[in-house]
Amino acid sequence: MKANYLLALLFLSTFTGLNAQSQKPKLVVGIVVDQMRQEYLYRFGDRFQDDGFKRLMGEGFMFKNMHYNYIPTKTAPGHASIYTGTTPAIHGIAGNDWYQPDLEREVYCVEDEHYNTVGSDSDNGQMSPNRLQATTITDELMLFSQYKSKVLSMSLKDRGAVLPAGHRGDAFWYDNSTGDFITSTYYMSELPKWVSQFNKRRLADDYLSKTWNTLYDISTYKASSEDNDSAEKTLNGLFKGFPYDMREIKNDYGILRNTPFGNDILADLFIAALDNNDFGKDNYTDVIAISFSATDYMGHDSGPYSIEVEDAYLRLDHNIAAILKKLDEKVGKGNYTVFLTADHAVAPIPQYMKNNKFGTDYFNKSSEVKELSKLLNLKYGEAKWIEYSINNQLYLDHDLLREKKIDIDEMADYIAQYMADIEGVQFVYTANEIKTTPWSDTDIKGKLARGYNIKRSGDVMYEFYPGWLNTQTGDATTHGSGYSYDTHVPMLWYGNGIKKGESVMKHNITDIAPTLSMLLNISLPNGATGEPLYELFDH
């Protein structure tokens with residue numbers, strides 16, 4: 001009797017395992033909306049259509065309290081963290097740019113002069129994922145299937161395409177000098193026929209012949225401040241406020257990224273990819289990663305309370321609906337899984353907040369670094385002690401300090417004491433403090449620690465008061481802090497294997513890749529530190 005029971009149990013377990021394997025999605029679509037706040041789903045939601053964001057929210061599972069758990073909250077670390085399941089301390093993407101002491105220069109996260117552009121004569125394709133130090137979930141999928149799965153990543157930004165593709169996927173991004181989508185010889189020697197045909201359509205020219213006006217009557221945009229607010233930045237130095245007649249801008253393909261038309265052309269590329277390839281047609285799960293970057297460019301110009309941003313999300317809602325409709329048509333409803341999140345959120349424009357009686361302001365980094373350099377010269381002698389400053393981090397010249405027999409930690413402590421007294425600076429930590437003293441999962445020090453990469457981060461790190469920004473950014477507003485306005489992002493799951501529901505439990509962005517590992521029954525990315533989103537599995 002016991003033997004029969006065990007045999008039945010074994011059969012049931014085997015059947016369940018086989019059934020789970022057969023129920024894996026044929027296609028996973030990762031949607032990253034650059035600079036999207038969680039609250040946009042509600043502030044703009046009344047006018048979303050039924051088959052876009054509302055479909056994901058109403059039929060899928062929403063995590064309402066998803067956060068980034070490190071600093072700096074920038075585009076490149078965001079994409080890397082989503083797909084590796086870990087933070088810059090491990091995956092190595094310490095910013096969009098960072099100072100590389102051994103090279104004695106600032107480096108860009110995906111730059112790689114060993115490769116050339118495919119698809120244009122520009123140098124905008126000299127890119128690769130070689131600075132990414134961990135595997136991605138897409139890498140693990142390729143290893144699991146022994147390269148029979150297909151991985152495609154696309155974005156207006158090179159870093160938004162390269163990092164999600166991992167080390168073995170294909171990536172395409174927008175060339176702002178030509179209006180075409182390009183890639184790198186890291187991936188291939190020539191564009192696939194379908195991408196070349198897409199470029200021949202010259203959609204960028206079509207979009208640049210249009211006028212960007214509000215989707216609805218501008219008087220109905222009640223979720224935003226007045227158009228042409230004094231704190232906003234002009235578009236290309238020509239426009240401030242609706243309508244934006246793109247025909248007045250001559251031969252500037254880059255400006256397309258600062259309008260909703262940038263999202264439109266990327267959605268067009270996604271649809272062309274499904275129409276011209278066989279994603280989700282065999283027994284191996286495929287992945288398409290798409291990163292909508294135009295929302296970030298517009299957000300930097302206009303801020304989160306602008307009509308421009310509200311209109312961008314109402315239009316993006318149509319893009320999402322078109323993507324879901326095409327997935328239903330080409331892959332089949334129930335055969336694909338979608339997740340949607342953001343690479344970071346954004347701070348309100350400090351001047352807008354000041355105008356509305358909130359206590360924010362600006363920090364003049366250039367002035368403070370000059371003053372600090374003078375003090376260091378008085379204390380230690382004339383020299384360029386601060387080798388570089390970027391990402392709210394100061395890099396000291398270690399070779400010079402060793403030559404002068406000055407203790408690095410002593411100078412870093414002196415700088416930290418000075419920085420702590422500067423108006424607008426709330427937290428200052430040295431690299432030694434980050435490496436040797438305790439920190440918690442929720443405090444600013446913990447977020448700095450998870451963003452600290454021993455080979456790529458500075459000797460002193462600082463964080464402003466909430467809402468304060470560096471005046472040197474050149475944007476109306478920006479992101480990068482560990483505060484909720486930068487860390488709190490949407491997290492929507494929809495489709496195969498996803499039940500309907502929502503959770504207000506706090507989760508970290510690093511939980512996405514482990515969740516995909518569990519859904520696909522594949523290995524965790526090799527540096528993963530996140531946990532699966534257990535609510536999805538709590539049946």
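The values are calculated or read from the model by the stated rules, or taken from the named source; none is laboratory data. Remember, it's a predicted structure, so these values are computed and weren't measured experimentally. Backbone-built Cβ (ideal geometry, glycine too); neighbour counts: all protein chains shown.
Some observations on this one:
- Within region 484-502, the set of residues being hydroxyl-bearing (Ser, Thr, Tyr) and within 13 Å of the chain's Cα centre (by Cα) comprises Thr487 only.
- Residues that are aliphatic (A, V, I, L, M) and within 30 Å of the chain's Cα centre (by Cα) were ranked within region 380-415; the one that is farthest from Trp439 (Cα to Cα) is Ile386.
- Whichever residue in region 295-321 is under 13 Å from Phe261 (Cβ atoms) and among the charged types (D, E, K, R) and, among such residues, is surrounded by the fewest Cβ atoms within 10 Å (Cβ to Cβ): Arg315
- Total residues in region 484-528, condition assigned to a loop (DSSP other than H, G, I, E, B) and buried (at least 22 other Cβ atoms within 10 Å of the Cβ): 4
- Scanning region 227-261 for residues that are farther than 20 Å from Asp296 by Cα and without any contact (Cβ under 8 Å) to a residue 40 or more places away in the chain yields a total of 5.
- Out of Leu340, Leu314, one residue alone is within 17 Å of Met491 (Cα to Cα), aliphatic (A, V, I, L, M) and either in contact with a Phe, Trp or Tyr (Cβ under 8 Å, 6 or more places away or on another chain) or assigned by TED's automatic domain parsing to the domain that holds Phe172 (or both). It is Leu340.
- Candidate set from region 262-294 (those that are crowded, with 24+ Cβ neighbours inside 10 Å and of a type in the set (S, T, N, Q)); member that is nearest to Asp34 (Cα to Cα): Ser293
To keep it simple, each residue is scored yes or no on (1) assigned to a helix (DSSP H, G or I); (2) assigned by TED's automatic domain parsing to the domain that holds Pro25; (3) of a type outside the set (Phe, Trp, Tyr); (4) over 18 Å from the mean Cα position of the chain (by Cα).
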{"residue": "Asn263", "(1), (2), (3), (4)": "yes, yes, yes, no"}
{"residue": "Asp268", "(1), (2), (3), (4)": "yes, yes, yes, yes"}
{"residue": "Ala273", "(1), (2), (3), (4)": "yes, yes, yes, yes"}
{"residue": "Lys281", "(1), (2), (3), (4)": "no, yes, yes, yes"}
{"residue": "Ala289", "(1), (2), (3), (4)": "no, yes, yes, no"}
{"residue": "Asp296", "(1), (2), (3), (4)": "yes, yes, yes, no"}
{"residue": "Gly299", "(1), (2), (3), (4)": "yes, yes, yes, no"}
